[in-house]
1. All but one of (1) surrounded by fewer than 17 Cβ atoms within 10 Å (Cβ to Cβ); (2) outside any loop (DSSP other than H, G, I, E, B) hold for residue 64; state the number of the condition that does not hold.
2. With the requirement that a residue be of a type outside the set (Ser, Thr, Tyr), open to solvent by 50 Å² or more (accessible area, probe 1.4 Å) and closer than 12 Å to residue 38 by Cα, what does the range 101-120 give you?
3. Name the residues in the range 101-116 that are assigned to a loop (DSSP other than H, G, I, E, B) and either small (Gly, Ala, Ser) or over 12 Å from the mean Cα position of the chain (by Cα) (or both), would you?
4. Since residue 44 meets every condition but one in (1) of a type in the set (D, E, K, R); (2) touching a strand residue (DSSP E or B) at 6+ places or on another chain (Cβ under 9 Å); (3) part of a loop (DSSP other than H, G, I, E, B); (4) over 24 Å from residue 1 (Cβ atoms), which condition does it not meet?
5. Among the residues of the range 75-100, what is the count of those that are part of a helix (DSSP H, G or I) and either surrounded by fewer than 22 Cβ atoms within 10 Å (Cβ to Cβ) or at pLDDT below 95 (or both)?
6. Kindly provide the set of residues from the range 50-61 that are surrounded by 14 or more Cβ atoms within 10 Å (Cβ to Cβ) and outside any strand (DSSP E or B), ordered by number.
7. Here are 29, 47: which of them is of a type outside the set (Asp, Glu), in contact with a helix residue (DSSP H, G or I) (Cβ under 8 Å, 6 or more places away or on another chain) and crowded, with 16+ Cβ neighbours inside 10 Å?
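The values are calculated or read from the model by the stated rules, or taken from the named source; none is laboratory data. Being a predicted model, the structure only gives us computed values, none of them experimental. Methodologically, a virtual Cβ is constructed for each residue, glycine included, from the backbone with ideal geometry; neighbour enumeration extends over all protein chains shown. Heads up: the accessible areas ignore ligands, DNA and RNA and are worked out on the full protein's heavy atoms, side chains in. Shrake-Rupley method; radii C 1.70, N 1.55, O 1.52, S 1.80 Å.
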Amino acid sequence: QVQLVESGGGLVQAGGSLRLSCAAAGGTFRNYNVGWFRQAPGKEREFVAAIRTSGSTLYAESVKGRFRISRDNAKNTMYLQMNTLKPDDTAVYYCAADLRAFSVSGDRIDSWGQGTQVTVSS
(Lines give C-alpha, C1' and ligand atoms only; values in the text may rest on other atoms or scores of the structure.)
Protein backbone atom coordinates (compact mmCIF):
# COMPACT_ATOMS: atom_id res chain seq x y z
CA GLN A 1 0.00 0.00 0.00
CA VAL A 2 1.37 3.40 -0.94
CA GLN A 3 2.35 5.92 1.75
CA LEU A 4 1.55 9.58 1.11
CA VAL A 5 3.15 12.77 2.46
CA GLU A 6 1.74 16.22 1.74
CA SER A 7 3.68 19.48 1.73
CA GLY A 8 3.26 23.07 0.60
CA GLY A 9 0.56 24.31 2.91
CA GLY A 10 0.75 27.66 4.65
CA LEU A 11 -0.79 31.07 5.19
CA VAL A 12 -1.71 33.19 2.19
CA GLN A 13 -3.83 36.25 1.58
CA ALA A 14 -7.07 36.05 -0.35
CA GLY A 15 -6.38 36.12 -4.06
CA GLY A 16 -3.02 34.47 -3.62
CA SER A 17 -1.72 31.08 -4.73
CA LEU A 18 -0.23 27.96 -3.20
CA ARG A 19 0.96 24.67 -4.63
CA LEU A 20 0.51 21.52 -2.64
CA SER A 21 2.57 18.42 -3.28
CA CYS A 22 1.87 14.82 -2.36
CA ALA A 23 4.83 12.45 -2.48
CA ALA A 24 4.14 8.73 -2.67
CA ALA A 25 6.34 5.85 -1.58
CA GLY A 26 6.02 2.10 -1.23
CA GLY A 27 3.79 1.43 -4.20
CA THR A 28 3.57 1.78 -7.95
CA PHE A 29 2.30 5.34 -8.08
CA ARG A 30 1.28 5.28 -11.73
CA ASN A 31 -1.25 2.52 -10.98
CA TYR A 32 -3.13 4.66 -8.46
CA ASN A 33 -5.97 7.04 -9.00
CA VAL A 34 -5.12 9.97 -6.72
CA GLY A 35 -6.76 13.10 -5.46
CA TRP A 36 -7.30 15.70 -2.78
CA PHE A 37 -9.86 16.19 -0.05
CA ARG A 38 -10.12 18.97 2.50
CA GLN A 39 -11.72 19.45 5.88
CA ALA A 40 -12.42 22.78 7.51
CA PRO A 41 -13.04 23.12 11.26
CA GLY A 42 -16.55 21.99 12.15
CA LYS A 43 -17.27 20.83 8.62
CA GLU A 44 -17.43 17.51 6.84
CA ARG A 45 -14.57 16.32 4.68
CA GLU A 46 -15.13 17.29 1.07
CA PHE A 47 -13.73 16.22 -2.26
CA VAL A 48 -11.54 18.75 -4.06
CA ALA A 49 -9.99 17.16 -7.15
CA ALA A 50 -8.82 13.86 -8.57
CA ILE A 51 -6.60 12.68 -11.39
CA ARG A 52 -6.91 9.17 -12.73
CA THR A 53 -4.18 6.89 -14.03
CA SER A 54 -5.27 7.96 -17.52
CA GLY A 55 -4.59 11.60 -16.68
CA SER A 56 -8.23 12.60 -16.80
CA THR A 57 -9.27 14.99 -14.05
CA LEU A 58 -12.29 15.73 -11.91
CA TYR A 59 -12.95 18.84 -9.83
CA ALA A 60 -15.42 19.98 -7.23
CA GLU A 61 -17.57 22.83 -8.51
CA SER A 62 -16.26 25.12 -5.78
CA VAL A 63 -12.69 24.95 -7.10
CA LYS A 64 -13.25 24.51 -10.83
CA GLY A 65 -11.32 27.12 -12.79
CA ARG A 66 -9.16 28.06 -9.79
CA PHE A 67 -7.39 24.81 -8.88
CA ARG A 68 -5.44 22.48 -11.13
CA ILE A 69 -4.42 18.94 -10.28
CA SER A 70 -1.52 17.21 -11.95
CA ARG A 71 0.78 14.25 -11.45
CA ASP A 72 4.36 13.34 -12.31
CA ASN A 73 4.62 9.57 -12.31
CA ALA A 74 8.39 9.71 -12.77
CA LYS A 75 8.65 11.59 -9.47
CA ASN A 76 5.86 9.67 -7.73
CA THR A 77 4.27 13.00 -6.92
CA MET A 78 0.90 14.68 -7.30
CA TYR A 79 0.32 18.43 -7.20
CA LEU A 80 -2.54 20.80 -6.54
CA GLN A 81 -2.01 24.31 -7.87
CA MET A 82 -4.42 26.60 -6.06
CA ASN A 83 -5.01 30.06 -7.48
CA THR A 84 -7.33 32.92 -6.55
CA LEU A 85 -7.62 31.51 -3.06
CA LYS A 86 -10.56 32.50 -0.89
CA PRO A 87 -11.03 32.39 2.90
CA ASP A 88 -13.51 29.55 2.32
CA ASP A 89 -10.61 27.45 1.01
CA THR A 90 -9.12 27.39 4.52
CA ALA A 91 -8.88 23.74 5.58
CA VAL A 92 -6.57 20.83 6.14
CA TYR A 93 -5.87 19.30 2.76
CA TYR A 94 -5.38 15.56 2.47
CA CYS A 95 -4.10 13.58 -0.47
CA ALA A 96 -5.57 10.18 -1.17
CA ALA A 97 -4.81 7.22 -3.41
CA ASP A 98 -6.77 4.20 -4.55
CA LEU A 99 -6.09 1.36 -6.97
CA ARG A 100 -9.80 1.22 -7.77
CA ALA A 101 -12.01 3.92 -9.20
CA PHE A 102 -11.48 7.03 -7.08
CA SER A 103 -14.22 7.51 -4.51
CA VAL A 104 -15.20 11.18 -4.34
CA SER A 105 -17.06 10.46 -1.11
CA GLY A 106 -13.79 9.34 0.46
CA ASP A 107 -15.49 6.29 1.92
CA ARG A 108 -13.36 3.82 0.03
CA ILE A 109 -9.78 5.01 -0.20
CA ASP A 110 -6.68 2.82 0.09
CA SER A 111 -4.25 5.40 1.46
CA TRP A 112 -4.40 8.84 3.08
CA GLY A 113 -1.73 11.40 3.79
CA GLN A 114 -1.42 13.12 7.17
CA GLY A 115 -2.73 16.46 5.90
CA THR A 116 -1.33 19.95 5.39
CA GLN A 117 -2.93 23.15 6.66
CA VAL A 118 -3.95 25.87 4.23
CA THR A 119 -5.09 29.16 5.73
CA VAL A 120 -6.40 32.00 3.58
CA SER A 121 -6.72 35.37 5.27
CA SER A 122 -9.19 38.00 4.13
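1. The number of the failed condition is (2).
2. 104, 112, 114, 117
3. Scanning the range 101-116 gives 101, 102, 103, 105, 106, 107, 108, 109, 110, 113, 115.
4. (2)
5. Residues meeting the conditions: 3.
6. Once the filter is applied, which keeps residues that are surrounded by 14 or more Cβ atoms within 10 Å (Cβ to Cβ) and outside any strand (DSSP E or B), the range 50-61 yields 52, 53, 60.
7. Going through 29, 47 in turn, the sole match is 29.
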